[in-house]
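Here's the structure, in structure tokens; my notes come after.
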Amino acid sequence: MSPAAFWQIVLELLVAGAISVPFGHYLARVFQDQKTLLDPVLDPVDGLIYRLIGRDVVKQAMDWKGYAAGMLLTNLLMGLLIYGILSWQGHLPWNPLHFPDVNPLLAFNTAASFITNTNWQNYGGESTLSLFSQMAAITFPMFTSAATGVVVAIAFFRALGPARDKGRNLGNFYRDFVRVLTRVFLLPCLFITPILVWTGSPETLTGMVTAHLIQGGTQHIPMGPVADLEVIKHLGTNGGGFFNANSAHPFENPTPLSNLIETLLMMVTPMALVITFGRMVGNRKLARVMYGVMASMLVVAMFVAVGAEQRGTPLLAHAGLMQHAGGGQMGGNMVGKEVRFGITQSAIFDTVSTAFTTGSVNSALDSYTPLGGMVSLVQMMLNCVFGGKGVGTLNFLMYGLFAVFIAGLMVGRTPEFLGKKIEKREIVLASLALLVHPLIILIPTAWSLVSPYGVSSLGNSGSHGLSEVLYAFTSAAANNGSAFAGLNGNTPWYNVSLGLVILFGRYASIIFMLAIAGSLAAKPPVQETIGTLKTDTALFGGFWFATIIVVGALTFLPGLVLGPIAEYFALYAHHTLSGVGR
Amino acid sequence: MSEAAAGAPGHTEVHRKGTRELIAQAIVDSFQKFHPAVQIRNPVMFIVWLSMFVTLALTFDPRLFGKTDVTAAYNGFVTAILFFTVWFANFAEALAEGRGKAQADSLRQTKTDVTARRIVNDDTFEVVMAGALRKGDRVRVERGEIIPTDGEILEGIASVDESAITGESAPVLKEPGTDMFSTVTGGTRILSDWLVFRVSADPGHTFLDRMIHLVEGARRQKTPNEIALTVLLAVLSLIFVVVVATLKPLAAFLHINLDVATLIALLVALMPTTIGALLSAIGIAGIDRATRFNVLAMSGRAVEAAGDVQTLILDKTGTITMGNRQATEFVPLPGHNESDVASIALAASWYDTTPEGRSIVALAVARGAKHDPAWEPGQGVEFTAETRMSGTDLADGRKARKGAVAAVARYVQEGFKTTAPAELKGAAELVARKGATPLALAIDGDLVGVIGLSDVLKPGMRERFAHMRSLGIKTVMVTGDNPITARVIAEQAGVDDFVAEAKPEDKIRVIRSEQARGRLVAMTGDGTNDAPALAQADVGLAMHSGTVPAKEAANMIDLDSDPTKLIDVVAIGKQLLITRGALTTFSIANDVAKYFAMLPAMFMLALPGVSALNVMHLATPESAVLSALIFNAIIIPILIPLALRGVRFQPTTANHMLARNVLLYGLGGLIVPFIGIKVIDLLLSPFLR
């Protein structure tokens, strides 16, 4: 790896880390109802919204069921709204290019995808959606789905918090939801959107410009309100592009500077939430351990991905191509990558995008080396390398419950975490949450690979084809939305199956985790002694990490062996294309 | 603790039953456990059990699920290994249950139907079967008879042989009215005299019934923690079922035909069968360790709760100290030296037969005092509650007296018109500050000195409390002593806190305040007035010599009536939990090596590059699959002794313990199977060629 690549990784992580700490403290202040500088401006705004919702609704304390019901109801209504907008877009305003209504299955898939923060796209934005749909059915849920993820995590943190008088109360969903929207997501959008506009991203209601080319002829260039979408797409770890090419498109991601801004935006909220966790549960050392474990996984992923792409492929070496960086050349595997980003910025972007379950891409993953592509796949299988805002932290905590349960026994106590006993109910619920992920990835993957309607969508055969399907369902289950490409998802089978996987992946694990929160909140705290398992140590961090790898990742090893690992070995064993896909 | 871990020397006949006999019985029982109704209680092993039948069918017809290259012999081999895997699990459980079962059998013999004399009215009684007795009936038992059921003594005094229950052969004197020793237990034998008692338990609910029920592991309820772990293991197994089931279509997409027997081998190897097979045995063995220690836990939950305890509430007398005060020092008052005090103390105690009196004599002799024949024939004066003094009227007319400081001071004032010297108060306080009880000593009107009587700590208590502290367990001493004495004893013993001048109801107050701070509390008790506190405590250990209400309120009963055992019970509970956690870690960590053995074996023919993952260089795909499966099976019997004995437990901080166990069972669990599978492969592969 070139020194330049090394320093890019280190510096980007350091900058993101530096932003995440104060941001995390700010989030904690927001949700603990402590004063912030923005209160004088935002309190009246919130007050107005509360009046719309109903002041009594916003005031009532909610147990986990109330909180979950509020979340589900809000999401259901918004999901139906999105479905309606997409299905009726031909009759709605701001449709300069006169796109027809979206077909029902694609509308279902898209609604499910965007309401769940997945942003899997079985359509090309510029050729399918009206500007109104882009704003009301795409950008709008980007805010609300991100807000949903954050507030369920906050509810969970409250359950583990030290305050003893609140009983089963997890807070008020509606109030949290409003506060996270106004105080965390809307405000940065107002300030960062102009910067992206400055780098070259359009923000307009004009649907298309027609360019007269020098060499003659004309080109129709679609555009629209892109810059604001880009901000929330990354800040909310959404990932759905305005254009089919996503962040590889020059309007979505015009320059290396916009690329850096987008990369950082993806990272800050999930990173900050770990800090928020530490502050809300009153154990910052534990937060540092968690942060350390997640950051270590991310660093390894980045180095492997950047290294693999920089190393190039033996196929190109065989063809006599120079793959070393230097002399103004980037070297490595440039297939499917934008010249303005190069190897390093492409690999970093995609590693961050799959770690933080954003799913936006600035290069074609399908053309990555097997190892480079596998990094993205594995991160989505783990789904807790920081992960999407809120749910990533929750997933990490779910593995933490297992680690606590087993390590807790090994110190001779029935397990406890942050002073709460981890008992039958929590383990049953966490086990169910654990079960969902492999189930909804492996079963539909297997189904797709043996059914004619599944196989017919594939762009490749052999191991690479297997990777494409595995990647699609992993991305859907992890609510990532990152696409490997090469797979035509806009078929009845994939629209429905991916849509359902997306919904299960989102709501099943959230409901199980909220139920755990409810159970933990109701428990009397147990006093900590030196006989208590310390979870805020490097030792336990290591055990936590091992639990994630052995319980979470090994499940997928057989699939990986048949996909990217087989491809990797074939590539190096045969040095020929025929070895890649039979 | 060490004693408990090593298995305390058993008392009853059962405990002497040979290991060989137990193993023979376990082998028989282990075959009965192949019954589906038994298997289904353990989801992990149930899947192995089901898989066994699938491979058995494939042994008869290898083409049952389509075209395949594998032979019937291979399938037969897999079936055999699966059979042994299940059988080893059955054997582990049967062996763990064996000891309890044998004990239950011998208890049942004790229970063989006996007749009882039920009192109808004041002077008539009828002879009925023991089973006909109901709560509230009055029963008379006489010398040589078996006591038919549990009860509280109303009349009579008798010695009772309780060895059938406690294993202790020395007879116990029973009489009414005392808080201790006023209850009888069904199944014990009255050795002398007679008793009339009121029946306190209906048939099926006697102590003996409960004991039989408890020592029989078979009907043992799973503890919540065990259920939670079972669920976790079941879900992990279910995940692997999905992984393996979907692997076939995934491979089919790449035109790789995977054999069902090999897939089943992969599934069984990946499932947490090691802990699944041993989980039940670990729990039973944990309770059994308590039982062998003569502590009867009312449930497995109680033993586990003991491991969780954060505060121990201990009576001073009888638990921390020996309970009988002994003379430890003589403090002379002005005008006397220590040998004067020793000499007069000897004179004052010459006829005193109480343990305290004997200890004064012993100390005086040790300090060089000699019995003066001129004192004879003296007249002993016994202690009364009124005088609060005792002593000797010597032959030379002098009167030697010892007793409560105030009482002796009054005695010299009233009898001899001498005022006690001002230094008396100082000397008495000096003694009290050391935790001793001061006795003033006078001869006629002359106050000679002060005798210090101390309650002596039981040996080793300080170390035990230090161990407890290193485990994060707080010890609280409860005593009726004054605060000064209590403080001194507390410091000597090294307890963390004490409650002085405690009344019985103070115990429950202490428990509640500890629990309010989020601590789990254990205590011991024997009296009826301890019952509420025993019930309130998270772990209540009642003495078998105690009253029925105390025993009913507690969740453990110590048959030896030794309150210090609470400390050992804590260790047994911890050891049980650690063993469970350690073997779970080991079992799950094993998967890494099994993946590296089996995945390359399954795919290296179709995807040649994958053989790079064959880091163990296993000979052939068949040998790799079978070696991993054999390792998976034989690790179970290898770990049975560890499961039954419990992992080594040393009192240390949680962090230390975790580091040690993660290193041993986590890292060990990663490495051991790599070696084991390789060794089996080396042994096996020559036969497969």
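Conditions tested, residue by residue: (1) farther than 27 Å from B:Leu238 by Cβ; (2) among the acidic types (Asp, Glu); (3) touching a Lys or Arg at 6+ places or on another chain (Cβ under 9 Å).
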site	(1), (2), (3)
B:Ser30	no, no, no
B:Thr55	no, no, no
B:Asp61	yes, yes, no
B:Leu64	no, no, no
B:Lys67	yes, no, no
B:Gly76	yes, no, no
B:Thr85	no, no, no
B:Phe88	no, no, no
B:Arg108	yes, no, no
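Residue by residue, here is whether (1) surrounded by fewer than 20 Cβ atoms within 10 Å (Cβ to Cβ); (2) part of a loop (DSSP other than H, G, I, E, B) holds:
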{"site": "A:Ala61", "(1), (2)": "yes, yes"}
{"site": "A:Lys65", "(1), (2)": "yes, no"}
{"site": "A:Met71", "(1), (2)": "no, no"}
{"site": "A:Asn75", "(1), (2)": "no, no"}
{"site": "A:His98", "(1), (2)": "yes, yes"}
{"site": "A:Asp101", "(1), (2)": "yes, yes"}
{"site": "A:Phe108", "(1), (2)": "no, no"}
{"site": "A:Ala112", "(1), (2)": "no, no"}
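Scanning the range A:407-459 for residues that are hydroxyl-bearing (Ser, Thr, Tyr), facing another protein chain (nearest Cβ under 8 Å) and not in a helix (DSSP H, G or I) yields one hit, A:Thr414. Might you let me know whether the range B:431-446 holds any residue that is within 14 Å of B:Ile320 (Cα to Cα) and in contact with a strand residue (DSSP E or B) (Cβ under 7 Å, 6 or more places away or on another chain)? Checking the range B:431-446: at least one residue is within 14 Å of B:Ile320 (Cα to Cα) and in contact with a strand residue (DSSP E or B) (Cβ under 7 Å, 6 or more places away or on another chain).
Taking first residues from the range B:643-672 that are of a type in the set (D, E, K, R) and crowded, with 17+ Cβ neighbours inside 10 Å and partners that are at pLDDT 95 or above and outside any loop (DSSP other than H, G, I, E, B), no Cβ contact under 8 Å between residues at least 6 apart in sequence or on separate chains turns up. Residue check: B:Phe687 meets all listed conditions (1) under 26 Å from A:Thr535 (Cβ atoms); (2) without any contact (Cβ under 8 Å) to a residue 40 or more places away in the chain but one, namely (1). Checked against (1) without any contact (Cβ under 8 Å) to a residue 60 or more places away in the chain; (2) closer than 30 Å to B:Gln650 by Cα, A:Ser448 meets all criteria but (2). In the range B:250-263, the residues that are within 15 Å of B:Leu605 (Cβ to Cβ) reach residues that are assigned to a loop (DSSP other than H, G, I, E, B) and small (Gly, Ala, Ser) with C-beta atoms within less than 9 angstrom, at least six apart or across chains, in these pairs: B:Ala251/B:Ala606; B:Leu254/A:Ser461; B:Leu254/B:Ala606; B:His255/B:Ala606; B:Ile256/B:Ala606; B:Asn257/B:Gly66; B:Asn257/B:Ala606. The number of residues in the range B:477-496 that are closer than 21 Å to B:Ala305 by Cβ and away from chain A (no Cβ under 14 Å) comes to 1. Please verify whether the range B:523-532 includes one or more residues that are among the acidic types (Asp, Glu) and within 14 Å of chain A (Cβ to nearest Cβ). No, because not a single residue in the range B:523-532 is among the acidic types (Asp, Glu) and within 14 Å of chain A (Cβ to nearest Cβ). If you go through the range B:156-172 and keep only what is free of Cβ contacts under 8 Å to residues at least 40 places away in the same chain and either of a type in the set (A, V, I, L, M, F, W, C) or assigned to a strand (DSSP E or B) (or both), you end up with B:Ile157, B:Ala158, B:Ser159, B:Val160, B:Asp161, B:Ala170.
Residues are listed down the side, and each one gets a yes or a no for (1) crowded, with 23+ Cβ neighbours inside 10 Å; (2) more than 13 Å from chain A (Cβ to nearest Cβ); (3) not in a loop (DSSP other than H, G, I, E, B):
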| site | (1), (2), (3) |
| --- | --- |
| B:His213 | no, yes, yes |
| B:Ala228 | yes, no, yes |
| B:Leu232 | yes, no, yes |
| B:Val242 | no, no, yes |
| B:His255 | no, no, no |
| B:Thr262 | yes, no, yes |
| B:Val268 | yes, yes, yes |
| B:Ile275 | yes, no, yes |
| B:Leu279 | yes, no, yes |
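Among the residues of this structure, B:Leu613 counts as one that is at pLDDT below 95 and out of contact with any Cys (no Cβ under 7 Å at 6 or more places or on another chain). Number of residues in the range B:644-664 that are in a helix (DSSP H, G or I), within 21 Å of the chain's Cα centre (by Cα) and within 14 Å of chain A (Cβ to nearest Cβ): the value is 2. Give me the pairs: first residue in the range B:456-478 and surrounded by fewer than 15 Cβ atoms within 10 Å (Cβ to Cβ), second residue assigned to a strand (DSSP E or B) and among the small types (Gly, Ala, Ser), beta-carbon distance under 7 Å, and six or more apart or on different chains, which are they? Sorted first by the residue in the range B:456-478, then by its partner, the list stays empty. Taken together, A:His464, A:His437 contain a single residue that is under 21 Å from the mean Cα position of the chain (by Cα) and closer than 22 Å to A:Met380 by Cα, which is A:His437. Tell me, please, whether a residue that is among the hydrophobic types (A, V, I, L, M, F, W, C), buried (at least 24 other Cβ atoms within 10 Å of the Cβ) and not in a helix (DSSP H, G or I) can be found in the range B:593-609. Scanning the range B:593-609, I find at least one residue that is among the hydrophobic types (A, V, I, L, M, F, W, C), buried (at least 24 other Cβ atoms within 10 Å of the Cβ) and not in a helix (DSSP H, G or I), so the answer is yes.
Among the criteria (1) crowded, with 20+ Cβ neighbours inside 10 Å; (2) more than 24 Å from A:Pro564 (Cα to Cα), the one A:Thr313 does not fulfil is (2). The selection criterion, being closer than 24 Å to A:Tyr507 by Cα and facing chain B (nearest Cβ under 8 Å), does not hold for A:Lys389. Scanning the range A:307-320 for residues that are touching a Gly at 6+ places or on another chain (Cβ under 8 Å) and hydrophobic (A, V, I, L, M, F, W, C) returns a single hit, A:Ala308. Taking the conditions (1) in contact (Cβ under 8 Å) with a residue 60 or more places away in the chain; (2) surrounded by fewer than 21 Cβ atoms within 10 Å (Cβ to Cβ); (3) under 30 Å from A:Arg340 (Cβ atoms) in turn, A:Lys285 satisfies each one other than (3).
Whether a residue is touching a residue at least 60 places away in the same chain (Cβ under 8 Å), under 21 Å from the mean Cα position of the chain (by Cα) and part of a helix (DSSP H, G or I) was assessed, and A:Ser353 passes this test. Of the residues in the range B:76-95, not one is surrounded by fewer than 18 Cβ atoms within 10 Å (Cβ to Cβ) and in a loop (DSSP other than H, G, I, E, B).
Pairs linking a residue in the range B:584-609 that is more than 7 Å from chain A (Cβ to nearest Cβ) to a residue that is among the aromatic types (Phe, Trp, Tyr) and surrounded by fewer than 20 Cβ atoms within 10 Å (Cβ to Cβ), with Cβ atoms under 6 Å and 6 or more positions apart or on different chains, are B:Ala593/B:Phe674. For B:Ile153, are the conditions met, namely being part of a helix (DSSP H, G or I) and either without any contact (Cβ under 8 Å) to a residue 12 or more places away in the chain or surrounded by 17 or more Cβ atoms within 10 Å (Cβ to Cβ) (or both)? Spelling it out, it is not the case that B:Ile153 is part of a helix (DSSP H, G or I) and either without any contact (Cβ under 8 Å) to a residue 12 or more places away in the chain or surrounded by 17 or more Cβ atoms within 10 Å (Cβ to Cβ) (or both).
For B:Thr246, the conditions (1) in contact (Cβ under 8 Å) with a residue 40 or more places away in the chain; (2) among the polar types (S, T, N, Q); (3) buried (at least 21 other Cβ atoms within 10 Å of the Cβ) all hold with the exception of (1).
Screening the range A:471-572 for helices (runs of 4 or more DSSP H) wholly inside it with 1 or more residues that are at pLDDT 95 or above, more than 14 Å from chain B (Cβ to nearest Cβ) and over 25 Å from B:Ala228 (Cα atoms) returns the ranges A:492-503.
The values are calculated or read from the model by the stated rules, or taken from the named source; none is laboratory data. For clarity, every value in this text was computed on a predicted model and none was experimentally measured. Heads up, the Cβs are rebuilt from the backbone with ideal geometry, glycines too, and the neighbour counts pull from every protein chain shown.
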